[in-house]
Structures are given as C-alpha cells and as structure tokens.
1. Report the Rg/Rh value for the stretch 342-495, based on alpha-carbon coordinates and the Kirkwood definition of Rh.
2. So what are the ³J(HN,Hα) numbers for the stretch 135-144, from phi and the Karplus equation (6.51, -1.76, 1.60; θ = phi - 60°), rounded to whole Hz, Gly and Pro as x?
3. Which residues does the label zone of I449 cover in the stretch 367-382, counting backbone N under 19 Å from a point 7 Å along Cα→Cβ?
4. For the ranges 425-436, 153-164, what's the packing order if you count other beta-carbon atoms within 10 Å of each residue, average per peptide, and put the highest first?
5. If you count, for each residue, the other Cβ atoms within 10 Å and average over each peptide, how do 445-452, 106-113, 190-197 line up from highest to lowest?
6. Mind grabbing the accessible area of R363 for me, 1.4 Å probe, Å², rounded to tens?
7. Using the eigenvalues of the Cα gyration tensor, what equivalent ellipsoid semi-axes result for the stretch 436-476 when each is taken as the square root of five times the eigenvalue, whole Å, largest first?
8. Quick one: which residues, 5 or more positions from N216 or on another chain, have an amide H under 5 Å from its amide H? H modelled 1.01 Å from N in the peptide plane, none for Pro or chain starts.
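The values are calculated or read from the model by the stated rules, or taken from the named source; none is laboratory data. Nothing here was measured: the structure is a model prediction, and the numbers come from that model. Cβ coordinates were reconstructed from backbone atoms using ideal geometry, including for glycine residues, and neighbour counts include every protein chain displayed. Note: areas computed on protein heavy atoms with side chains; ligands, DNA, RNA excluded. Shrake-Rupley method; radii C 1.70, N 1.55, O 1.52, S 1.80 Å.
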Amino acid sequence: MKKRTKITLRTKIYLTTVLLLALTGVFYAANPTFFTSVPFATGVAASRSDLLVSEYCTENIDTVACDGTVSLFATIPGFGSCREKYVTIAPSQSAAAGFTPRDVFVTEGATVFKIHNGTVTLFTTIAGCIATDHNGITFDHFGTFGFDMIVTCQEGDVFKIDGAGTVTPIASTGGMIEGPAVVPPGFGPHGGEIWVADEGASAVHAIKNDGTVTLNILSHVAAEGVFVIPAVPCTFCSGGAFFQALQNVGQVWQYPLSDFTGLGGKVLVTSESGGTGADTSLVTFNGTNYVQSSFGPRVPGVNEGSSFVDCDVPTPTPTLTPTPTPTPTPMGQVSQITPTGTTCQDFAGGTAQTLDTLNYSVRNGVIHQVNPGVFFYWVKVTAPAGNNTFVVNQSITTGNFNTLFAIANGSSVFNSSCTKVNATFTQSDINNTTTGTVTVTFNAPTAGIYYIGIKFSPSSVKNKTAPAPTTTVRYRFSTTGVPGSTQRLNLVKRP
C-alpha cells in the first residue's frame, strides 16, 4: 500500500484518454457488488468450485462458500508479519509442465507454498528474488511459457517455475511490478507475452518468452494487476465471474457474468489506490493500437488481489454412492462434435459417432491439407416460443495458432422431431484471433427442445503458417447458457 499525490505527465495523458473515450461514447459499465468480508483481504484465486482469499496480517488462507460464509482453508508457515500473499490455482493446462491441476500455490516473499488436499508444503524458494513482499503469481494458460507458473518479484524480476519447482529467470523490468498475466496469443503486438503492472511507474510492461522486455506498453495510474477475461467466462457458485479484494476494509466484491459478455480474451487492469486517475480499465486491440476504456465504477478502497473465475481449473470429482445406470433419454446427449454425414436423427437418437481429431499436413511451412474436410458441432437447447438467439463459442486453448474454423453451408436448426426450422447463422472474425462466436437466430413455432447443427469447414486454416512451437492445436466449443455443451477438438499434425 503506497500513497501518491503527484499528478505526473503519464497521469495527465491517461485522464485525457478517458475524457476522449467519454466524448466518443465508449463505455463499459461494470456492476460490482459486495460479496463477503475477510480480514484484510489481499490475494484472491477463484474457480467454478473454489474461492480462496489470503489475509494480510495472518498466515491464513480462507475459503469462501457460495453464500459468502468464510472458513479456514489452510495456514501456511511464514514470517508472522503483515505481508501481501498472492494465490493461484493450477489449471488443467499446467499438467503439461508437471503440475497437479487444482493444487493451490501461495507466495510469501521469495518462497512459494503448495497446498495439496489440505496439506501445506514448501514448493520452492526463488533464489533470485530479492523482495520480501508484493510478489505476484499466475499460470501460463496458452503455452508460450510452457504452461509454467509465472512469479514476479517486486524489484522487477520475472521467473517461470515448472511442476518440479525448478526456477528459471526470464527477465528483469526494474520498477515495482505485481499482478502478472500471460495474455492470449494474437492479442495485438504483445499477444502471448507476460504483462505486468508497475505501480510505481503507473504503467504496464510486457515480457516475451525470449526475455525481451517492452516497457510502458500501457499507461495506468497506480497499476496493481493485469487480468485476462476468459475466452468463455464462467462463474463461481455465487454467480460472480470476477472477484476483487479491498484490503483496507476487509471486503471481497464480485462482478456478474453479464459484465463480460462479448469481452472474452480482452484484458482488465486495476489500480491499487484510489487517487486522481485511478480506474479499472478494459484493454482491447483495434487492429492497430491497444485501446483503454474505463470499466467503472471502480470499487472504492485499496484494490489488492483480483481473480477471474478460472474456467480451466477442473472441478473436484465427487464421491458418489453407486446407483443403477439410468436409461438414456431419447433426446441423446447435450452436445457432440461429429463427422460429416451425421444427421439430426443420429445426434438426437444417440447413434452419432464422435469426432475428436483432425489431421493436417505441412508444406513450405504452411498447412497444406486437413482431413476430414467437414465436421459438425451439435447442441440440444430448450427454446421458448418466438424469436431465439443462441451463441456458440469457439476458442483455441493452446498458444500456438490463431485461426478458427469457418462455418459452411449446411448449418441448420431442427425441432424435436428433426424437422428443419428456418435459422440464420452469423460468424465473427476467424483470422488472427483465438476466440470467436457463431450467433444462431431462429423463430420457434412452439416451446420445446431444438437441435442446432453447425457445419464447420477446416479449410479455413489451409495456407496458414503451421502451428508452433507445439504442433497440436486444441479447440474448444460451447454454447453460452447451456450446461454440458462444451466439446473439444484437436488439430494434429500428420506423422
């Protein structure tokens, strides 16, 4: 917690930018609400099933229930003094770096502690980390840093750590850095890089995986943290999609999922202190420049740790009493990716084959051929009578490619009897991006079950630069608001 009263040239530039945005009518209204109280709340980590908060002046890591009830999750060995301890949860991708997904990691000074099934152990000590406080932590979700853990130290040093606890220095930025995030590949000229908040310089810096540092890619007053909006945002059981700790008043606030509609893959930057020009801002890329827009109102107080709900953290496997296998419903499963030739009757009746892999060949450094040449994403939805709109999301979850699959002629909507219903399919841009949507609109004559079959053409990736550094591209499809609609498809290089 550091006070500032001087208005720098950087601050004046930022305020001018905000004023210009206001004049052009560019606003992104946020709707944060108080959720619960935690003593001197500092670090925050969230998944669909867990919300964890560290306390500034104790070694307690608390867990918060769906209704806001706070209880002790773990107590870490530490310095026994007031320090900013930051928290992260290992996502599914981290298994590629040797981590166990769902393990929890906490920074305190140069040490990182691991919490596995309630047991706390020392994970690693960062020999090159000088700072004893304010050290940030996150995971690489995209692969540009090998899906490793990323830790920043306040003096400006940045490290990556694998699942064995091996520490590798990446770069040094100088300044007072915190709040790191690896942003999506394709997100402007610094996509796929680590962005760090520099509170002292009121700036955001970027670090490539080769150690190249680009200072001051953004100006942001009292910058505290950088946070990537998930490609398909999800919620903790309270309904919150983004959580923020207010250390000075011991509170945790939450933002609803609706605040982030259409913003998947973009970036938020927060301010710690609430002085002149401080804000929570949304960062987008317009094809030429990064554009900052106010994502207000900013929650008043000392904004320390924040966290989007990490949709890539697996939910715990419940222990269930065995029950007889239920009889399959005549409507089949909720969603499926299938080969060409699949009919509505095949999907609805549960007889369709699942397609999980496409194969591609490379010639002269570009994708030459993809097989099979067509596939379908099917989803069962419940629609009221009248006009309906459903949004199907497509994203790349690996950091090695940035072209999506295009929709093809033959996409359709069917009623529960598999009779075709007139529908319109509109797709967002598929090039130089890792997230996109297909918007499906149709008029339902009656309320009930409908089947959406979207035909995709892999030919859209032909003649694109071959994926690198890894050769397999993982795609994810889902339908907003439809539980069980997530499906995955791998684009694999032919041996």
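1. Numbers: Rg = 16.1 Å, Rh = 16.2 Å.
We get a ratio of 1.00 for the stretch 342-495.
2. 9, x, 8, 7, 10, 7, 8, 10, x, 5
3. Under 19 Å, as judged by backbone N against the label point of I449, lie 377-382 of the stretch 367-382.
4. Working: 425-436: 17.8, 153-164: 19.8.
Listed from highest to lowest mean packing, they are 153-164, 425-436.
5. Values: 445-452: 17.0, 106-113: 22.5, 190-197: 24.9.
Final packing ranking: 190-197, 106-113, 445-452.
6. R363 exposes around 130 Å² with every protein chain in place.
7. Details: eigenvalues 238, 26, 13 Å².
Listed largest to smallest, the semi-axes of the stretch 436-476 are 35, 11, 8 Å.
8. Amide H neighbours of N216: V204, H205, A206.
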